[in-house]
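In what follows, a structure is listed as structure tokens, so that the remarks can point back to it.
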Amino acid sequence: MKLPRLTIAIIGIASGSLLAQQIQLPQNPLQGRIVFEEKKCIECHAIGGFGGTVGPDLSKREFFGSTLELASIIWNHAPQMNRKFRQLRMNRPSLTENEMLDLFGFLYYLRYLGEPGSVSHGRSLLTSKGCITCHMVAGKGGKVGPDLERVQGYASPLFMVQAMWNHGPAMQEQIKKTRMSYPILSGQDVADISAYLRQATTGSADMRMSPGNPAKGRTLFEQKRCVKCHLGEGEARITQPGLIRIDLKKGVTGVATLMWNHGLAMMARMKRESVDWPRFEGNEMADLLAYIYFLGFEDKPGDTQRGESVFRSKGCVDCHRQAGGGRGPDLATINRFETPIRMIQLMWNHAGEMEDLVITGNKNWPVLSTRDMRDLYAYLRKVAQK
């Protein structure tokens with residue numbers, strides 16, 4: 001069954017002309033785990049310590065980057081992977097375009113939840129950040145806010161972030177009254193506090209939020225009027241730095257704390273713009289954060305002229321010649337380069353044959369940087385549209 005996809009149109013300027021570049025976001029980032037196992041990637045690569053040891057544990061990578069950054073990593077290691085396939089007598093897996101998208105979405109999602117929290121540090125943070133001034137913890141603290149040990153939802157980082165956000169205006173007012181400093185948090189702080197509350201809570205219900213749906217998050221980004229001040233993708237109007245320009249190489253709690261730390265500034269801006277403070281219910285905060293997190297999955301528009309140079313200098317033109325005559329197909333006849341995923345899927349599925357041609361031609365495997373990939377895609381898409 002073909003899974004639904006959200007297609008995002010990115011308009012960029014390349015070589016002096018407008019070039020539409022598109023990317024797709026998975027609706028369920030965890031769907032790629034099935035592909036990861038069915039295609040036997042797990043035979044060589046572990047996730048969180050579970051799986052093979054031939055290759056690195058992929059959950060330990062700091063950040064996989066954009067679609068084409070991850071593609072360049074995989075492409076550059078294709079010869080090593082091909083050798084391992086032969087040594088292990090494994091068939092090289094072939095992937096459909098949907099499977100490639102799911103797999104990439106899953107790999108990018110691995111760092112979404114960030115690092116596990118520290119219970120002891122979380123307990124000390126409740127004091128150092130001033131939380132106990134208003135909230136009771138372990139029988140000590142204020143009574144302005146609820147007893148944190150009895151708020152079961154706070155045991156989930158995403159529920160805690162949502163609750164903090166919804167009570168943001170009231171919390172800001174109380175902070176002013178008590179003349180406290182506004183607490184600045186890191187993503188790890190949120191994880192630590194949540195870890196402490198998870199083991200300290202006295203409730204019986206196990207409150208959890210799903211990982212979040214990036215497609216639903218994009219809709220919420222507009223419905224909650226975040227778009228009035230922030231550029232997500234595709235909007236022409238912008239009054240604050242676009243989220244796609246922020247370094248989002250963070251897990252979900254890191255993204256959430258960016259919102260919290262700018263709470264005072266956002267509140268002041270909303271008052272000037274006559275915008276109500278948005279509230280989030282159910283799984284909405286998780287969906288919104290998933291959308292913001294996956295903005296880092298996109299790629300900048302490529303340069304078509306440099307892409308043509310890459311096509312020639314890396315030897316692609318030796319096999320893929322216009323009007324035919326090469327060992328590979330004329331790429332101008334492949335009219336389905338709507339997304340980078342399509343190019344990546346074709347490159348992966350033919351990497352075994354391409355390696356054979358490189359070896360028989362006594363040539364080196366063409367190493368491609370992220371920029372090379374980006375420009376190559378821009379060039380091939382332009383050629384295929386003629």
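Computed from the coordinates by the stated procedures, all read-outs in this text should not be read as laboratory data. Note that this is a predicted model, so its numbers are computed, not measured. Here the Cβ is made from the backbone with ideal geometry for all residues, glycine too, and neighbour counts use every protein chain on show.
In cubic angstrom, how much convex hull volume per residue do the alpha carbon atoms of the range 301-386 span?
88 Å³
Quote to one decimal, in nm, the extra length available between Met90 and Ser313 on full extension: 0.36 nm per residue of separation minus the C-alpha distance between them.
77.0 nm
How many nm separate the modelled label positions at Tyr182 and Glu273, each set 7 Å beyond the Cα in the direction of the Cβ?
Placing both labels 7 Å beyond Cα along the Cβ direction yields 1.6 nm.
Less than 12 Å Cβ to Cβ from Val119, Lys/Arg counted +1 and Asp/Glu -1: what total charge do the surrounding residues give?
Charge balance near Val119 sits at +1.
By per-residue mean of other Cβ atoms within 10 Å, what is the highest-first order of 49-58, 66-75, 166-175, 93-102?
66-75, 93-102, 166-175, 49-58
Sort Lys40, Lys216 so the one with the fewest other Cβ atoms within 10 Å of its own Cβ comes first.
Ranking Lys40, Lys216 by Cβ neighbours within 10 Å, fewest first, gives Lys40, Lys216.
Report the full-extension gain for the segment Thr53 to Arg83: residue separation times 0.36 nm, less the Cα-Cα distance, to one decimal in nm.
9.3 nm
Ranked by Cβ crowding within 10 angstrom, fewest neighbours first, how are Arg306, Arg321, Arg381 ordered?
In order of increasing Cβ crowding within 10 Å: Arg321, Arg306, Arg381.
Could you calculate the FRET efficiency of Arg225 with Ala265 from 1/(1 + (r/R0)^6), where r is the beta carbon distance between them and R0 is 22 Å, rounded to 0.05?
After rounding, the FRET efficiency stands at 0.85.
Give, as a single signed number, the net charge of other residues whose beta carbon lies under 11 Å from the beta carbon of Val137, with Lys and Arg counted +1 and Asp and Glu -1.
+1
May I ask you to sort Thr219, Thr304 by Cβ crowding, counting other Cβ atoms within 10 Å and putting the fewest first?
By the 10 Å Cβ count, ascending: Thr219, Thr304.
Arranged from highest to lowest average of other beta-carbon atoms within 10 Å per residue, in what order do the peptides 288-294, 118-124, 177-183 appear?
288-294, 118-124, 177-183
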